[in-house]
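The structure appears below as structure tokens.
The values are calculated or read from the model by the stated rules, or taken from the named source; none is laboratory data. The structure displayed is predicted, hence computed values, not measured ones. FYI the Cβ positions are ideal-geometry reconstructions off the backbone, even for glycines, and counts take in every protein chain you see. What goes into the accessible areas is simple: the full protein's heavy atoms, side chains included, and nothing from ligands, DNA or RNA. Shrake-Rupley method; radii C 1.70, N 1.55, O 1.52, S 1.80 Å.
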Amino acid sequence: MSLIQPRLAGNSAPIHALLRDAESVILGKRGQIRLAIGCLLAQGHLLIEDLPGVGKTTLAHLLAKLFGLQFQRIQFTSDLLPADITGASIYDRESGSFHFHPGPVFCQLVLADEVNRATPKTQSALLEAMEERQVTVEGETRVLPEPFFVVATQNPGSQIGTFPLPESQLDRFLMRIQLGYPDRAAEHDLLRGRDRRRMLNDIQPAMDVAQLLRLQAEVEKVHVADPVVDYVQALMEFTRSSDQFHTGLSPRAGLALLRAARAWALLEDRDAVIPEDIQAVFVPVACHRLHPAGGTPGSHDPVQAAQVLEQVAVP
Amino acid sequence: MSSGPIQSMLPHRVLLALLVTLGAVTAPHVLHLPPWMTPLIIVCAAWRYQAGSRGWRLPNRWVLLLLTLVTAGGVVMHYGTFLGRDAGVAMLSLMLGLKLLEMRTRRDTQVVLYLGYFLVVTQFLYSQSLLIAGWMLVTVWALTALLITVNRRTTPSGWFPHSRLAATMVAQALPLMIILFILFPRVPGPLWGMPDDDARGVTGLGDSMTMGEISQLSQSAEVAFRVEFDGPPPAPPQRYWRGPVLPAYDGRSWRQPDDRGAFRPPLEPLGGEIGYSVTLEPHNRSWIFTLDMPVQISTQVTVGSEYQVERRNPVRERIRYDARSALNYRLDPELRDVDPAPYLHVPENRHPRTRELVRDWRGRSDNDDELIERALQHFRDQPFVYTLHPPRLQDDNVDEFLFNTRRGFCEHFAGAFAAMMRIAGIPSRVVTGYQGGEINPTGNYMIVRQSDAHAWVEIWQEDAGWRRVDPTAWVAPERIELGLDGAVPESDQLPAMARRTQSWTRQLALRWDAVNAYWDRWVLAYGPGLQQRLMDSLGLGQWQRMLSALAVAMLVCTGLLALLILWRQPARRPDPAQRAWERFCRRMETTGLPRRPQEGPRDYARRVATARPDLEQDVEGITSHYIALRYGREPHESELQSLHQRVGRFRPRRA
């Protein structure tokens, strides 16, 4: 007997199909896939940080396919300019007037590949669009499409020729996940299986945009009881008072935790958040907002973030 | 080190609050620090402020070392020592200033704050006034708020974060402070007895009188002592507060004799007895002041041959004593055991004109009384002027004063009159002390100030004994009736508090004096003697008992505070569902599978199910029931009942 009402109702089937299809393409990464989908349902942007070749781009592409979203990929390079992202007005000789050519950001799912290769100015053009969900070019504000979801990938910051994202801009990503190498069995299947890119082409959308928007609305209705808020506060208080971190979690981080946990609860087919949901999303949501004491600026240690959960009692 | 970590450690506002607080802590010391130190500390603070706000570099270790050595050397040069109160406080202030220049980490900031607490305490070495105590309380509060801010790692908000919490903490410490104040065993004498330091800057009467000295003292409105009378105070002409008696005369100044007789001359009280208590300000001499003539004194004193009342030790702290005096008396009418010669001594070659004048009077007088009358009449009839600013006297001061300048203060009249009496063959001596006193209507006690300092004469006559004669009263009767303010011309400079006008500032100052008098009486006068008396009356006379009482009182006080805090905590009743869950967890503990505190209910249920498949069904049921009740939307009362029943029925066997 479960007193928590299933929340997915009519959406249950497509979600399950979605998860199943995704796991068939990206092998052995069940947790990360669910987090990525949860991030999308929570209307947050996603940062994937890992070495090249572990499937970052594939995951982003897969999400677009599964939700039936328009997809644009921007490869960030050091000479990329803000206008290359937002678009620019170009003089049309025939009509004798300026005409706006929207940039790749005008798209439902934007993959910003290797975002830390571009200069801070270009990065901030994208990050502002993420925050405002609109773009202002030449004094005119243009609204971005709905839904609008950015998946940015970056290589670990220690590499030469990169501009690590500043802390304030990292905050704009709801989650940061790492893919890591697949385990031995999954890698075996991967090496034996078909080319992933071709598999992507065969993927059919599991739901349409209207369904996605409905699900996003459902996320906001997931119930959060007082004990759960207490738990989030206890976690934040711990990071603020502990010696392990330079600065603690901000109130915005607390809100992000609850938003992500709601989406996670929905994926678990529950209409209320339980402490395990907070725990499930804690590392991806909190890690990039926590700066370990004594670490170099910009270093974020998932192990240390996970240890917070070990040290805070569930109320 | 770059400025980055400095800024992030101490936000701009906190740094500013810290520097302002430290300024407030140091401010009362500024007057006794070496003059170069205050600018140095200000420069250090300004430098640290610029480092925080503009990213200036702090000096490196070698510069700091050099600066420390040079300035510490400066302190030693200034005081000649590291030790003692003044040098110690100067070193402490200096180190606080320099520490600001290496305040980089949180620990440095804590060190600075602790130094600040120490510096606060040292203020008691200089002053224990109510104002300073209040100021110290405020600075302690500010330091505490800063200490909380620095130790809490959250970014503070507002201009003075955690000030409420700090105020609560200081308020909670107050009862402990009172208990320690009353019960902590007190050591006689100042704990930090540094006599050299105390000797400086204390005003009061000296052990000799040269013309011109008391008029200088009269410029001070400082309080000499305060008196509370048991009954109505005596009339102004009887308010003679006897201090040092000066019988030795060298033709220029009056002194105390080198060898003072230890015997006490016979005093015969003739009524008019009056009881009073005196709170005497420290004046660094051993004599204490009583109304003419004391018959009974509560404190340990000796009364010498001149009837001068002295303590064994100089008065270095405020003391309080009760006394009774007889306003009418006869002192030593037979002069039996004393050689009268010293009381008649005037150096041979001094005061020729005065001698001539006295000889003339003697020739025209039948007896001593008439001669005395003539001498006093002389002061009244000749154009003598009573003034705070008498002209300087050069050579033979008595002759010059009596025949040329004729402008003088009480010591001129007393000195000249005593000299005349000696020339006439009447034993005489100068008595210094205070004359008068002002009744403070708030608190109804008398304030005697340095400006009330006075000198008069005692002459000895057969049968009458030593008799008080005040020549000033003949020149300026207003001095005796109305005090100094009524007697000196308007043009003479007098401190505001010595003027008895009815201005509101004066009224306010008198009120404030009354508050201070209470503070002195009830707080500062609580020394070893008073403590012993109080403890005796409480049956805690032995120090072991006092310490046990102290321990018990501290325990009770902290216990009560703890209870109060517990009671004031928002009483969050545990959720009924949570209580059932906790009961379930306790039962699970007996099976050897306790829930870890950081484990969510679902994870726990899964772990139990893996370890004990036999319990899976029950645990799963209870857990999802609990989750729904605690985390779900508005659960129904009956569902809570059924959870309780389920947990009640749940009796897991040991594995």
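Points to keep in mind about this one:
- Estimated FRET transfer efficiency when R0 is 30 angstrom, pair residue A:201-residue A:13 (beta carbons, to 0.05): 0.80
- Multiplying the residue separation of residue B:62 and residue B:620 by 0.36 nm and removing their Cα-Cα distance gives an extension gain of 194.0 nm.
- Per residue accessible area of the protein assembly as shown, 1.4 Å probe, in Å²: 48 Å²
- Surface calculation, 1.4 Å probe, protein heavy atoms: residue B:512 sits at approximately 110 Å² accessible.
- Ranking by accessible area, most exposed first, for B:292, B:207 with a 1.4 Å probe: B:207, B:292
- The solvent-accessible area of residue B:276, taken with every protein chain present and a 1.4 Å probe, is close to 0 Å².
- Qualifying chymotrypsin sites (Phe, Trp or Tyr not before Pro) for region B:626-655 [loop in DSSP, other Cβ within 10 Å: at most 13]: none
- Summarising the amide proton neighbourhood of residue B:439: residues at separation of 5 or more, or on other chains, whose placed amide H is nearer than 5 Å comprise B:447.
- Only DSSP H runs of four or more residues enter the estimate; each adds -39500 (n - 2.57), and after division by the residues of chain B the mean residue ellipticity at 222 nm equals -15000 deg cm²/dmol.
- Residue-span extension gain [residue B:543 to residue B:341] - 0.36 nm each, minus C-alpha spacing: 67.4 nm
- Ranked order, A:264, B:504, B:36 - accessible area, probe 1.4 Å, largest first: B:504, B:36, A:264
- Relative to the dominant Cα principal axis of chain A, helix A:275-286 is inclined by about 40°.
- Think of the protein assembly as shown as a dipole: +1 on every Lys or Arg Cβ, -1 on every Asp or Glu Cβ, centred on the Cα centre; then among A:308, B:623, A:28, A:28 lies furthest on the positive end.
- For residue B:518 and residue B:273, the FRET efficiency from 1/(1 + (r/R0)^6), where r spans their Cβ atoms and R0 equals 30 Å, is about 0.65.
- Rg/Rh for region B:362-514, where both radii come from Cα atoms and Rh is the Kirkwood radius: 1.04
- The C-alpha atoms of chain B define a longest principal axis, and helix B:637-649 lies at about 80 degrees to it.
- Other-chain or far-sequence residues with amide H under 5 Å of residue B:222's (modelled H): B:450, B:451
- Cut-off 13 Å between beta-carbons: net charge of the residues surrounding residue B:19, Lys and Arg +1, Asp and Glu -1: +3
- Couplings 3J(HN,Hα) for region A:249-263, derived from phi with the Karplus relation 6.51 cos²θ - 1.76 cosθ + 1.60 (θ = phi - 60°), are 6, 7, x, 5, 5, x, 4, 4, 4, 5, 5, 5, 5, 4, 4 Hz, where x marks Gly and Pro.
- Partner aspartates and glutamates for residue A:121 [C-alpha distance under 14 Å; skip if fewer than 8 residues away on the same chain]: A:79, A:84
- Helix-only [θ]222 nm of chain A, DSSP H runs n ≥ 4, -39500 (n - 2.57) each, per residue, nearest 500: -14000 deg cm²/dmol
- Estimated distance in nm for a label pair at residue B:259 and residue B:118, the labels positioned 7 Å out from Cα along Cα-to-Cβ: 5.2 nm
- Accessible-area ranking of B:642, B:537, largest first, probe 1.4 Å: B:537, B:642
- Applying 1/(1 + (r/R0)^6) with r as the Cβ-Cβ distance of residue B:366 and residue B:462 and R0 = 22 angstrom yields a FRET efficiency of 0.90.
- Shielding by other protein chains, A:233-242, mean Cβ within 10 Å: 1
- Where labels lie 7 Å past Cα in the beta-carbon direction, separation of residue B:508 and residue B:178 in nm: 3.0 nm
- Region B:597-607 - phi-based ³J(HN,Hα) in whole Hz, Karplus 6.51/-1.76/1.60, Gly and Pro as x: x, 8, 9, x, x, 5, 4, 5, 4, 5, 5
- With DNA, RNA and ligands ignored, accessible area of residue B:222 (1.4 Å probe; Å², nearest 10): 100 Å²
- Each residue of region B:274-289 was assigned a 3J(HN,Hα) from its phi angle through the Karplus expression (A = 6.51, B = -1.76, C = 1.60, θ = phi - 60°), giving 9, x, 7, 10, 10, 10, 9, 6, x, 10, 6, 10, 8, 6, 10, 10 Hz with x at Gly and Pro.
- Here's the picture: charge each Lys and Arg Cβ at +1 and each Asp and Glu Cβ at -1 in chain B, and of B:287, B:605, B:550 the one pushed furthest to the positive end of that dipole is B:605.
- Residues of type lysines that residue A:65 reaches as a straight line, Cα spacing below 29 Å, ignoring anything fewer than 8 places off in the same chain: A:29, A:56, A:221
- Student exercise, chain B dipole from Lys, Arg, Asp, Glu Cβ charges, in Debye to nearest 20: 5460 debye
- Annotation: amide H-H contacts under 5 Å for residue B:304 (H modelled 1.01 Å from N, sequence separation of 5 or more, or interchain): B:310.
- For region B:576-649, relative contact order (Cα pairs under 8 Å, six or more residues apart, normalised by length) works out to 37 percent.
- Segment residue B:46-residue B:444, extension gain: residue separation times 0.36 nm, minus the distance between their alpha carbons: 138.4 nm
- Mean Cα-pair separation over length for chain A, i.e. relative contact order, pairs under 8 Å, 6 or more apart, %: 23 percent
- Take the Cα of residue A:217, go 7 Å toward its beta carbon, and the backbone nitrogen atoms of region A:144-182 under 18 Å from that spot belong to A:146-148.
- Axis angle, to the nearest 10 degrees, between helix A:30-41 and the longest C-alpha principal axis of chain A: 60 degrees.
- Net charge contributed by nearby residues that have their C-beta within less than 9 Å of residue A:177 (K/R +1, D/E -1): -1
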